[in-house]
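Everything on this sheet refers to the single structure shown next.
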Amino acid sequence: MSQLTPPVHEIEDLTLLEEVAARTAGVSRLEMCIQCGTCGGSCPSADDMDHTPRQLFAMLRAGMREESLKSNTPWICVSCYHCVVRCPQNVHITDVMYTIKGMAVSSSMYESGTASEFSQTFVDMIENYGRSFEFGLATRHYLKHFPLRLPGMASMGIGLLTKQRMAIKPTRIKNMKQLTDILDRAKELGATHE
Amino acid sequence: MSEYIFYPGCSLESSAKSYHDSLNIVCEKVGITLNEIDDWNCCGATEYFGINLTPAYALITRNLALAAEKANGTNTVVAPCSACYLNLAKADYYMREQPKLGTQVNLALEAGGLSYKPGSLEIRHLLDVLIYDIGLDTIKSNVVRPLTGLRVAPYLGCMVPRPDYEKRWSDHEHPVELDLLLEALGAEVIDFPLKTHCCGGHMPHIGPETAYEMLHRLLTSADEHKADIMATVCPMCQMNVDAYQGETNQYFGTNHKMPIVFFTQLIGLAFGATPKELGFGSELVSAKKALAKIGTAPPKTKKTRKSKKKAGLPMPQPLPTGIRINEEEVIR
Amino acid sequence: MTTKSNSHPQERIGVYVCHCGTNISAMVDVEDVAQWAADKLEHKGVVIARDYKFMCSSLGQELVEKDIHELKLTRVVVAACSPHLHEKTFRTACERAGLNPYLCELVSIREQVSWVHTDKVAATAKSKAVLSGGIERVLWHEPLDPMTVPIHPATLVVGGGIAGIQAALEIADAGHPVYLVERDASIGGHMAQFDKTFPTLDCAACILTPRMVEAGMHPNITLMTWAEVENVDGYVGNFDVTVRQKARKVITDLCTGCGICEEKCPKKVIDDVYEAGLGYRKAVYTPFPQAVPNFPVMDVENCIYFDTGKCKACEKFCPTEAIDFTQEDEIVEFPVGNIILATGYDLFDARRVSNYGYGHLENVFTSMEFERMNNASGPTDGEIVLRDGKTVPDSVGIIHCVGSRDMNYNNYCSTICCMQGLKFAHLVQERTGATVYNFYIDMRTAYKGYDEFYQKVLEEGTRFIRGKVAEVTDVARLPNEEGKLIIQAEDTLIGKQRRIPVDMVILSSGLEPRHDAKEVAKTFGISCSADGWYIEKHPKLDPVATMTEGVYIAGCVQGPKDIPSSVAQGAAAAARVIGKIQQKEMALEPVRASVLEDQCSGCRICNDLCPFNAILFHEDTMLSEINPALCQGCGTCVAACPAGAITGTGFSNEQVLAQIEGLLMDMSV
Amino acid sequence: MTEKNDFEPTIVGFTCNWCSYRAADLAGIARIKYPPNVRLVRLMCSGRLDPTFVMKAFAEGADAVMITGCHPGECHYLEQNYKALRRYLLLRRTLVAMGIEAERLHLAWASAAEGIQLAREITEMVERVRTLGPLNWHLNGSQPEVVSEAAIELEEVAA
């Protein structure tokens, strides 16, 4: 059975496939893939992926570490879980995608930053406020990655603001220290991606 | 009076305020008391898992720990947001499936003086509670302004019916719960084939073209079925379909004008609340025109797939559409 | 130490340790084991301990026989391979030498020692322990005589599909009486619904109906259709069967099968059974023209007369006054010696895979619907058309593995669907010229002539896409998809998602156990795997027998299989039964439980525990008694008897407790 | 630590003639390796398992006992393995009451086809018992008489 995020040195002798399985929350069943393609067939964003999920799993099996972690596939995954409920082998595909993202980030393999930086920006918000903060997220993210889209989007943004659907000031939870302590401890414990 | 622990989630505080307002009205009418978790934090949406696993689960579980502390007779947490619902449910389920995760998360929670025993809470979506606890009969009995004449596309998106760890829904692809609920309000519910398809998720921020494509599929199908309005259970779906409809139109050169509102807004309307107190008007694609149809006679051109009755070969009967027709329990 | 010193001082034990070539001796020091037994277990009664290259060879057996004669051995222990392989060999050797065969014990030091361990010292030590356990145990063995029971010559065959028909004909042809009981109105089973059969493309009806007629006319076959087995009592050789003959509402002695009643019946009903929901029948009907027997049955639920009290058109027009609205079910009882279960399968309900749209999208068809559509006597007179009843499709997609090889539905491979899918591809192409796409995970075309058929279909130009279909939808994205069904799948050989627009989709559905398989298994006292297929006695060496003596299985009831395999199993089961009948009586393994009358308190706890209803309670004496012919020797009652009043031959408490002692002889307690 | 690792437990395994004993045969035929610490007793059915057998094994010095049978629903004798399951649960309670760790009694299902699974179960069991260390229950003050009394009590409830 898969072990949760053991320190890196403990899993050195695992194959790439075993390592990904071991780093995935829950029981991934990744080794059970029969390469049927249900995932790739179900995926609403497959057209934009470098590899279909099935191909990615074959690459993990073949030990193609660099190619797997550089693939844009997990970043294009929209977490729709269609593949998960249809997978005949009950592979926890979406969670495996999260794992690959994490491994790509920690090994600095994934370079086209839009997706990973969106995640990082989001996480930074949470770590600062305990809540997500859409206005700040949007402006920071779009200024950096889609400056050209901003004028076109301004009307939407103004719409959201005037309809009071986007707060200009973030909300912070009361016991931010508690959350920070928990997250810091969690990061020490799961020193997976560092 | 049914009491539930309530986890609103970040969206309901800002972009999905109308969801919050309307669900409060609906819950009050049907006798649901929601006790909000004190000082809850963000669930991490779909973003935190990809960055750091243990903190992602610790982040979610802090909420469960806070909720369990004030459980006070009830152990059901209601989450109206799909992503929140899924994340809370997933954390609870995976910590049971893989006890080591639970141990590790609890070690982290300890740093904040908290703890949570996996499995001690039941995490459910608001729609689930309305259908299976309150029941369609109660809903029906509260209807004072039937939504007759309004053609509604029920839209659930992904994270409510899937992955469905606890087998709470009638189907993963074509669940009937939302349809039945909207029918109970008197609305004309279209057989929306994409009701559990993706709205694009976080793609508007990452690869907008991918998102436009998905939104285009949804809008085209809803238009083809002559829907007046879409009703959703998910703040992200609402945001994407509503806020990025303009960009999608630009990208494809189309002219979709499909309003999308929260299902609780429609329930509230049928229950007699005013559009204003339900948060109508905050949608970017206005629902005004659609709402004007309430009470009017349904249009003559009634074209749904089911109505094709021609001399030909008999169609198989669909599986009985009773709610929750899941697999028989297997002893193991 | 609680171990008694030799409690059987009079016994003289011979111990034989086998080398099995080097299979055992490479990992176990067999000489040492034998020497140790001779030295250290002498006080247990071991008078000779030998090791030998091949104990199972005739020389090895002669060694045992010679020792029994010369050393007056009263017990024999052989340490060799698994008792499932050679227990019989050594028992027979003992018998030849005049020793009761049940005084021999085999202990396994090959499968459970030499082949699974890697440390010779530890393996040798374990061998000694295992041998010691066998020696302690054999001391408590008792001479047993196998029991014999007479075999009733009649056989019950349940299920009139091709497997059941084959079995019934074989037995009947051998001159023995057969009761063939079928739940539906006619025999023929699923095969009667098919049009062509793979890979030869024989017409199913052409090859099946002669066999049906033969079964219907055979003087040795009593055909009972529209009937169900309600209860089975008794045991091998002597079963008592109770059958419910459901009311046909037609007097078969008078009916000539002219069909006028069906013609005149005003009520049209969708035929969910024979026509797979694609066609209609009347409320009084024979399921198909070649039905055997050719008598109609009345569908009371749909009959206008039973609903409103009016109509009776059938009665009015029947020329022989054969309609009887008052007819009731009848209970029929008869004895048989053996039973063959050939109750077949249910087709997987494709509506459960909601992403394939069956029941929702009108031009999605199941394999059985397509079979009927293809059949010249079917609802479309053999025309392949869309649900509108007239449009011939230009393009057809065939989806394999529907409901099979999928943890969400059935985990197993249904084995027939690949060939079925290929057959459909051929038929569509031959009859419509449409473009055909087959979507598969793995192409499984094992067995004679099957892969050749795949070659043929490839040659015909069917487009094969390797990928399990994700969904079938009518939501078009591109103009060429408008008005079509779109099959969305990953073409795994190119690693791209593809959307193929087609006019018609055929789902090659898998096979499932009958919905009532578990209850039926209970009625016949046999076991059922967790998924519902019946369990054979041995998956390789005894595929048609069950663990219950006298009950055999044939065809899909044992697991998904095609027609040739079903026929082969039907014949095989018949051969087993004929063999039994001709023995006239049979010996039963004397592993049985019995009640020690003086210790039985009459508490009746054992009565309900027995899975075979072998325990009888005598109200007069207030004692329980075990019918040795019904008892299968599981020992549950022995373990449960609070008074310790039940003993199980071959597995008595003394034997097992002694064996445990022996096994742990090296433990210093 | 090293003391515990040197300890080689002795485990008595009860097998069903129709499934787990055949699984053990199959493991042999397939040459699957597992530690030699388990000694098997063949019964006709796990339902034949008399609680006294387990007590006897402990009394004779076994460090642990393994009960194996057909999967639920697959019993050769219809459903006697459910009775084994019940007795197993009762036995575990009794063992705990007597000061023996519940982990020393283990129930595993293995069909005739599951040689690999049975070998894995055995390997895991040996590892578990190795960590538990030897069963020194006589030194802990329990007497064999206690065993037989408890066994009698069990027999009464076993039905």
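If you take the residues in segment C:9-24 that are in contact with a strand residue (DSSP E or B) (Cβ under 8 Å, 6 or more places away or on another chain) and of a type outside the set (A, V, I, L, M, F, W, C), which one is most open to solvent (accessible area, probe 1.4 Å)? Even if it seems obvious, please write down each step before you answer.
Quick first cut of segment C:9-24, residues in contact with a strand residue (DSSP E or B) (Cβ under 8 Å, 6 or more places away or on another chain) only: C:11-20, C:24.
Subsequent filtering for residues that are of a type outside the set (A, V, I, L, M, F, W, C) retains C:11-12, C:14, C:16, C:19.
On the way: C:E11: 24, C:R12: 91, C:G14: 0, C:Y16: 0, C:H19: 22 Å².
Only one residue fits best here, namely C:R12.
Which of the residues belonging to segment B:2-59 are within 11 Å of another protein chain (Cβ to nearest Cβ), among the acidic types (D, E) and without any contact (Cβ under 8 Å) to a residue 24 or more places away in the chain?
B:E13
Here are C:E512, C:E519: which of them is free of Cβ contacts under 8 Å to residues at least 12 places away in the same chain and either surrounded by 24 or more Cβ atoms within 10 Å (Cβ to Cβ) or at negative phi (or both)?
Working: C:E512 fails: free of Cβ contacts under 8 Å to residues at least 12 places away in the same chain.
Only one candidate qualifies: C:E519.
Say whether the condition of being assigned to a loop (DSSP other than H, G, I, E, B), within 27 Å of C:P143 (Cβ to Cβ) and either at the interface with another protein chain (Cβ under 9 Å from one of its Cβ atoms) or touching a strand residue (DSSP E or B) at 6+ places or on another chain (Cβ under 6 Å) (or both) is met by at least one residue in segment C:653-663.
There is no residue in segment C:653-663 that is assigned to a loop (DSSP other than H, G, I, E, B), within 27 Å of C:P143 (Cβ to Cβ) and either at the interface with another protein chain (Cβ under 9 Å from one of its Cβ atoms) or touching a strand residue (DSSP E or B) at 6+ places or on another chain (Cβ under 6 Å) (or both).
Across segment A:32-86, what is the total count of residues that are part of a helix (DSSP H, G or I) and either open to solvent by 10 Å² or more (accessible area, probe 1.4 Å) or within 13 Å of chain C (Cβ to nearest Cβ) (or both)?
Step one: list which residues in segment A:32-86 are part of a helix (DSSP H, G or I), which gives A:32, A:38-42, A:46-48, A:53-61, A:65-70, A:73-76, A:82-86.
From what is left, the residues that are either open to solvent by 10 Å² or more (accessible area, probe 1.4 Å) or within 13 Å of chain C (Cβ to nearest Cβ) (or both) are A:32, A:38-42, A:46-48, A:53-59, A:61, A:65-67, A:70, A:73, A:76, A:82-86.
Number satisfying all stated conditions: 28.
What residue, among those in segment C:348-382 that are farther than 11 Å from C:I506 by Cα and of a type in the set (V, I, T), is farthest from the other protein chains (Cβ to nearest Cβ)?
C:V353
Listed here are the residues, each with its yes/no results for (1) under 14 Å from the mean Cα position of the chain (by Cα); (2) open to solvent by 10 Å² or more (accessible area, probe 1.4 Å).
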site	(1), (2)
D:W18	no, yes
D:P35	no, yes
D:R42	yes, yes
D:C45	yes, no
D:P51	yes, no
D:A57	yes, no
D:A62	yes, no
D:G69	yes, no
D:P72	no, yes
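Out of B:Y132, B:Y116, B:Y155, B:Y85, report the one residue that is aromatic (F, W, Y), more than 9 Å from chain A (Cβ to nearest Cβ) and surrounded by fewer than 21 Cβ atoms within 10 Å (Cβ to Cβ). Before the answer, list the steps.
Details: B:Y116 fails: surrounded by fewer than 21 Cβ atoms within 10 Å (Cβ to Cβ); B:Y155 fails: surrounded by fewer than 21 Cβ atoms within 10 Å (Cβ to Cβ); B:Y85 fails: surrounded by fewer than 21 Cβ atoms within 10 Å (Cβ to Cβ).
Being aromatic (F, W, Y), more than 9 Å from chain A (Cβ to nearest Cβ) and surrounded by fewer than 21 Cβ atoms within 10 Å (Cβ to Cβ) holds for just one of B:Y132, B:Y116, B:Y155, B:Y85, which is B:Y132.
Which condition breaks for C:D608 when tested against (1) within 27 Å of the chain's Cα centre (by Cα); (2) outside any helix (DSSP H, G or I)?
(2)
Output the number of the condition that B:T210 fails; it satisfies all remaining conditions of (1) part of a loop (DSSP other than H, G, I, E, B); (2) facing chain A (nearest Cβ under 8 Å).
For B:T210, the exception is condition (1).
Out of (1) modelled with pLDDT under 70; (2) at the interface with chain B (Cβ under 9 Å from one of its Cβ atoms); (3) surrounded by 15 or more Cβ atoms within 10 Å (Cβ to Cβ), what's the single condition that is false for A:G152?
That leaves (3) as the condition not met.
Return only the number of the condition from (1) part of a loop (DSSP other than H, G, I, E, B); (2) among the β-branched types (V, I, T); (3) under 24 Å from B:F192 (Cα atoms) that C:I506 does not satisfy.
Of (1) part of a loop (DSSP other than H, G, I, E, B); (2) among the β-branched types (V, I, T); (3) under 24 Å from B:F192 (Cα atoms), only one is false for C:I506: (1).
Assuming C:T118 fulfils every condition listed in (1) open to solvent by less than 50 Å² (accessible area, probe 1.4 Å); (2) part of a loop (DSSP other than H, G, I, E, B); (3) within 14 Å of chain D (Cβ to nearest Cβ) apart from one, which condition is it?
Single failed check for C:T118: (1).
Any residue at all in segment A:87-107 that's of a type in the set (D, E) and farther than 30 Å from C:Y412 by Cβ? Full working, then the answer.
Step one: list which residues in segment A:87-107 are of a type in the set (D, E), which gives A:95.
The next check asks that each one be farther than 30 Å from C:Y412 by Cβ; those that pass are none.
No - not one qualifying residue is present in segment A:87-107.
All but one of (1) away from chain D (no Cβ under 14 Å); (2) at pLDDT 95 or above; (3) more than 27 Å from the chain's Cα centre (by Cα) hold for C:C206; state the number of the condition that does not hold.
That leaves (2) as the condition not met.
Give the residues of segment C:181-213 that are open to solvent by 30 Å² or more (accessible area, probe 1.4 Å), outside any helix (DSSP H, G or I) and among the β-branched types (V, I, T), sorted by residue number.
Matches in segment C:181-213: C:T200 only.
Can you name every residue in segment A:165-183 that is facing chain B (nearest Cβ under 7 Å) and either assigned to a loop (DSSP other than H, G, I, E, B) or open to solvent by 50 Å² or more (accessible area, probe 1.4 Å) (or both)?
We begin by selecting, within segment A:165-183, every residue facing chain B (nearest Cβ under 7 Å); these are A:165-167, A:171, A:173-175, A:178-179, A:181-183.
If the condition is that a residue be facing chain B (nearest Cβ under 7 Å) and either assigned to a loop (DSSP other than H, G, I, E, B) or open to solvent by 50 Å² or more (accessible area, probe 1.4 Å) (or both), then A:R165, A:M166, A:A167, A:T171, A:I173, A:K174, A:N175 are the ones that fit.
Since C:G403 meets every condition but one in (1) in contact (Cβ under 8 Å) with a residue 60 or more places away in the chain; (2) over 17 Å from C:G510 (Cα atoms), which condition does it not meet?
(2)
Do we find a residue being within 27 Å of D:A112 (Cβ to Cβ) and buried (at least 16 other Cβ atoms within 10 Å of the Cβ) anywhere in segment C:26-33? Spell out how you get there, then give the answer.
Applying the first criterion (within 27 Å of D:A112 (Cβ to Cβ)) to segment C:26-33 yields C:26-28.
Then keep just the ones that are buried (at least 16 other Cβ atoms within 10 Å of the Cβ); that gives C:27-28.
Looking for residues that are within 27 Å of D:A112 (Cβ to Cβ) and buried (at least 16 other Cβ atoms within 10 Å of the Cβ), one finds at least one in segment C:26-33, hence yes.
Here is a list of conditions, (1) within 12 Å of another protein chain (Cβ to nearest Cβ); (2) surrounded by fewer than 21 Cβ atoms within 10 Å (Cβ to Cβ); (3) closer than 23 Å to B:I260 by Cα; (4) of a type in the set (A, V, I, L, M), and B:A111 meets all of them except one; can you say which number that is?
Of the numbered conditions (1) within 12 Å of another protein chain (Cβ to nearest Cβ); (2) surrounded by fewer than 21 Cβ atoms within 10 Å (Cβ to Cβ); (3) closer than 23 Å to B:I260 by Cα; (4) of a type in the set (A, V, I, L, M), the odd one out for B:A111 is (3).
Check C:T380, C:T391, C:T432 and return the single one that is open to solvent by 10 Å² or more (accessible area, probe 1.4 Å) and in contact with a helix residue (DSSP H, G or I) (Cβ under 6 Å, 6 or more places away or on another chain).
The unique qualifying residue is C:T380.
Can you tell me which condition D:G73 does not meet? The list is (1) within 8 Å of chain C (Cβ to nearest Cβ); (2) more than 26 Å from C:A521 (Cβ to Cβ); (3) assigned to a loop (DSSP other than H, G, I, E, B), and all the others hold.
(2)
List pairs: first in segment A:106-135 and more than 9 Å from every other protein chain (Cβ to nearest Cβ), second modelled with pLDDT of 80 or more and open to solvent by 30 Å² or more (accessible area, probe 1.4 Å), Cβ under 7 Å, 6+ apart or cross-chain?
The qualifying pairs are A:M109/A:E66; A:M109/A:K70; A:Y110/A:K70.
Going by the structure shown, is B:L126 under 17 Å from B:P175 (Cβ atoms), away from chain A (no Cβ under 14 Å), open to solvent by less than 60 Å² (accessible area, probe 1.4 Å) and touching a helix residue (DSSP H, G or I) at 6+ places or on another chain (Cβ under 8 Å)?
Values: under 17 Å from B:P175 (Cβ atoms): yes; away from chain A (no Cβ under 14 Å): yes; open to solvent by less than 60 Å² (accessible area, probe 1.4 Å): yes; touching a helix residue (DSSP H, G or I) at 6+ places or on another chain (Cβ under 8 Å): yes.
Judged against the criteria, B:L126 is a match.
Residues are listed down the side, and each one gets a yes or a no for (1) within 33 Å of the chain's Cα centre (by Cα); (2) within 14 Å of another protein chain (Cβ to nearest Cβ); (3) free of Cβ contacts under 8 Å to residues at least 40 places away in the same chain; (4) part of a loop (DSSP other than H, G, I, E, B):
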residue	(1), (2), (3), (4)
C:V229	yes, no, no, no
C:V232	yes, yes, no, no
C:R244	yes, no, no, no
C:R248	yes, no, no, yes
C:I270	yes, yes, yes, no
C:V273	yes, yes, no, yes
C:G277	yes, yes, no, yes
C:Y280	no, yes, no, no
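Name the single residue that is surrounded by the most Cβ atoms within 10 Å (Cβ to Cβ) among those in segment C:61-91 being more than 14 Å from chain D (Cβ to nearest Cβ), in contact with a strand residue (DSSP E or B) (Cβ under 7 Å, 6 or more places away or on another chain) and of a type in the set (D, E, K, R).
Across segment C:61-91, the extreme among qualifying residues is C:R75.
The values are calculated or read from the model by the stated rules, or taken from the named source; none is laboratory data. As the structure is a prediction and not an experimental result, all values here were calculated from the model. Cβ sites come from the backbone with ideal geometry, for glycine too, and all protein chains shown count toward neighbours. Quick note on the areas: whole protein, heavy atoms, side chains included, nothing else; ligands and nucleic acids left out. Shrake-Rupley method; radii C 1.70, N 1.55, O 1.52, S 1.80 Å.
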